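Worksheet: the structure to be examined is printed underneath.
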Amino acid sequence: MDFLWFLENLRTPAADQIMQFITYLGEETAVILVLCLLYWCVSKELALKISFSYFLAGLAVQTLKVTLRIPRPWVLDPAFPPVESAVPAATGYSFPSGHTQSAACLYGSLGVHASRKSIKFLFFAVVILVGFSRMYLGCHTPWDVLASLAISALFIWLTQRLLPRLIARPIRARILFGFLLLVCLGVMVCALVLLNCGLLPLAYAADCFKAAGAGLGFTVGWYLEVTRLRFQTAAPRLWMQAVKFLAGILGILVLDALIPLITGECVIAKIIKYFILVLWIMVIYPALFSRVVPPCPKK
């Protein structure tokens, strides 16, 4: 808390706005936009690598949050004032930092794959800045941020080293598919047990259920894509790529608004919502645009 109090003394209105903008780069909306652009229009293979580390690290972070249940800094020290604009997005428990994990898995992975040193530095700088912004805004302690950086680095490394081997053969891909399903279901069961035992408030369990639903959607979507769909990201014209991307994002917005009207807001509804949203990104929408966008002519 001493470091957070030190940063609190340095706050200014202008710096608050800058840090709030930086922290947006680690939020769900920014991550979805970048991953969808990569997956639908640029490099499906790179997007899948990033997504593996992103979803697995996210499940690990959310499991630690509900297991350890470490309060936010302003709960640990009621006298500590966070930046008010950052509080609504600071859902769930404090340790580890979800924003930092999202930024590290996305921009850190992009930095690992970047060929130019200047681009690598830019992506890694974004990761550090997002982590710092979480402390500046008063939403996380240094330990929260450092733990997320370590978890993200571990899963990025595991993805780089193991994923190519695991998907090289169909039998290994099936084993990986089964393992991922068990992990997602395990996280879901863990949160449900804690919730039913009265150890976890529903509001604090929401992010864990969202992560489990999104993880299930990614797992099923990834397996269907590599075994059945195998869509093509390229399109004959740049404007087709732009329309493809914008139409897909519009689909996400429509589903995000419609699904709660059908399922409600219960625990299972949150899992279903994020399962469908990620499945839309992974296979439903690619299957649709594969029928509409003509394939690029072979050279």
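None of the figures in this text is laboratory data; all of them are computed from the coordinates on show. This structure is a prediction, so every number in the text was calculated from the model and none was measured. With ideal geometry, Cβ positions are generated from the backbone for all residues, glycine too; neighbour counts draw on all protein chains shown.
Applying a threshold of 30 Å to the alpha-carbon distances of K120/K244; K244/K273; K65/K273; K65/K117 flags K65/K117 as lying beyond it. Rounded to the nearest 20 debye, the dipole size of the chain about its Cα centre is 1680 debye, using +1 on the Cβ of Lys and Arg and -1 on the Cβ of Asp and Glu. Judged by the ratio a/c of the largest to the smallest principal axis of the C-alpha gyration tensor, the range 216-299 counts as oblate, that ratio being 1.5 or greater while a/b is no larger than b/c. Look at where the Cα atoms of the range 101-129 and of the range 217-293 average out, and the two centres are 26 Å apart. Modelled spin-label separation between F121 and W157, with each label point placed 7 Å from Cα along the Cα-to-Cβ direction: 2.5 nm.
Extending 7 Å from the Cα toward the beta-carbon at both D2 and L261 defines two label points whose distance is 5.5 nm.
Over all other residues within a Cβ to Cβ distance under 15 Å of R172, the charged ones net out to +4, with Lys and Arg as +1 and Asp and Glu as -1. Look at R69, R291 and count the other Cβ atoms within 10 Å of each Cβ; fewest to most, that gives R291, R69. For the range 1-37, the residues whose amide N sits under 14 Å from a probe point set 7 Å from the Cα of L146 along the beta carbon direction are 1-4. Shape index of the range 1-127: Rg/Rh, with Rg the Cα radius of gyration and Rh the Kirkwood radius from the inverse mean 1/r over Cα pairs, equals 1.01. Using 1/(1 + (r/R0)^6) with R0 = 25 angstrom and r between the beta carbons of R169 and L46, what's the FRET efficiency to the nearest 0.05? So the FRET efficiency works out to roughly 0.70. Only helices enter this figure: runs of n ≥ 4 DSSP H residues, each worth -39500 (n - 2.57), summed and divided by the residues of the chain, yield -23500 deg cm²/dmol at 222 nm to the nearest 500.
Ordering W280, H140, Q62 by Cα displacement along the dipole of the chain toward the positive end leaves W280 in first place; charges were set at the Cβ atoms of Lys, Arg (+1) and Asp, Glu (-1).
The label-point distance for Q17 and V254, in a model that sets each label 7 Å from Cα toward Cβ, rounds to 3.6 nm. I need the shape label for the range 202-245. Rule: rounded when a/c is under 1.5, else prolate if a/b > b/c, else oblate, with a, b, c from the alpha carbon gyration tensor. It is oblate, given that a/c is not under 1.5 and a/b is not larger than b/c.
Could you tell me whether the range 121-195 comes out rounded, prolate or oblate from its Cα gyration tensor? Rule is a ≥ b ≥ c as square roots of the eigenvalues, rounded for a/c under 1.5, then prolate if a/b exceeds b/c, otherwise oblate. Since a/c reaches 1.5 but b/c is at least a/b, the shape of the range 121-195 is classed as oblate. Specify the angular offset, from 0 to 90 degrees and rounded to the nearest 10, of the alpha carbon long axis of helix 238-263 from the longest principal axis of the alpha carbons in the chain. That works out to roughly 60 degrees.
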